[in-house]
1. Neighbour counts of other C-beta atoms within 10 Å: give me Val185, Val167, Val49 arranged from fewest to most.
2. Which of Ser179, Ser144 has the fewest other C-beta atoms within 10 Å, and how do the rest follow up to the most?
3. Lys and Arg at +1, Asp and Glu at -1: add these up for the other residues within a Cβ distance under 12 Å of Val167 and post the number.
4. Tally Lys/Arg at +1 and Asp/Glu at -1 over every other residue whose Cβ is under 15 Å from the Cβ of Phe196; what's the total?
5. By count of other Cβ within 10 Å, fewest leading, how are His171, His62 ordered?
6. My understanding is that a pair violates if its Cα-Cα distance is over 18 Å; which of Lys46/Lys133; Lys68/Lys165; Lys133/Lys165; Lys68/Lys152; Lys82/Lys180 do that in this structure?
Amino acid sequence: MKQWQKWGHPKNRARTTLLFHTSLWYHIINIVVETIESKLDERAYKNAVLYFIKYCNNKYLHATKLNKLLYYLDFVYFRDHKKTVTGDVYIHQGYGPVPSRVDEILSKLQTDGAIDTEAIPNNDLEMINFSLKDGSQFDESIFSADQKKLLKQICDEFGNWPTEKIVAQTHLEAPWFYSKPYEIVDYAYAQDIDFFR
């Protein structure tokens, strides 16, 4: 009897191993998604976006910069309070950390008539600009005093930074630096962020 006949043909074992790992990976992703969905604070998320559109909206606020403002909100708040404001997780992308659910939140805000978006040509790309359409949907009262203070600090510090500068800054910080492309950025590295101490 050949050795492989005891345990099955190597091709079958490889196929079984691949199916097992694929199934395990699928299960892990589902657990992560369920965890993210259960912790997302949609009300705080929407109002944080509306805050930045209302108070930080100038020629520099485009989708990429909005992502960085949300990153600082969640990571600095986590550094100081061991919880986030929005409940979202961030993915390591080429332009820095990107909130995983921001497109969904922006879509809901647009569908609800709270914001308008406009694609502006910029060199060979398009930049998405935002405008507040219905200010009555913005509810600042949902934020704690610490959250309001941080939101204001973020607008005061980064409001006039061009997108390229804030992207470069996030690339220097441990959360993005120590994560791998397309992986979740670990909140444990938030201690490295020096802003607003």
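1. Val167, Val49, Val185
2. Ser144, Ser179
3. The answer is +1.
4. That sum, taken over residues with Cβ under 15 Å, equals -2.
5. So the ranking, lowest neighbour count to highest, is His171, His62.
6. Among Lys46/Lys133; Lys68/Lys165; Lys133/Lys165; Lys68/Lys152; Lys82/Lys180, the Cα-Cα distance tops 18 Å for Lys133/Lys165; Lys82/Lys180.
Just so you know, all these numbers are worked out from the coordinates, no wet-lab data involved. Just so you know, these numbers come straight off a predicted model, no measurement behind them. Ideal geometry is used to build each Cβ from the backbone, glycine not excepted, and the neighbour counts take in all protein chains shown.
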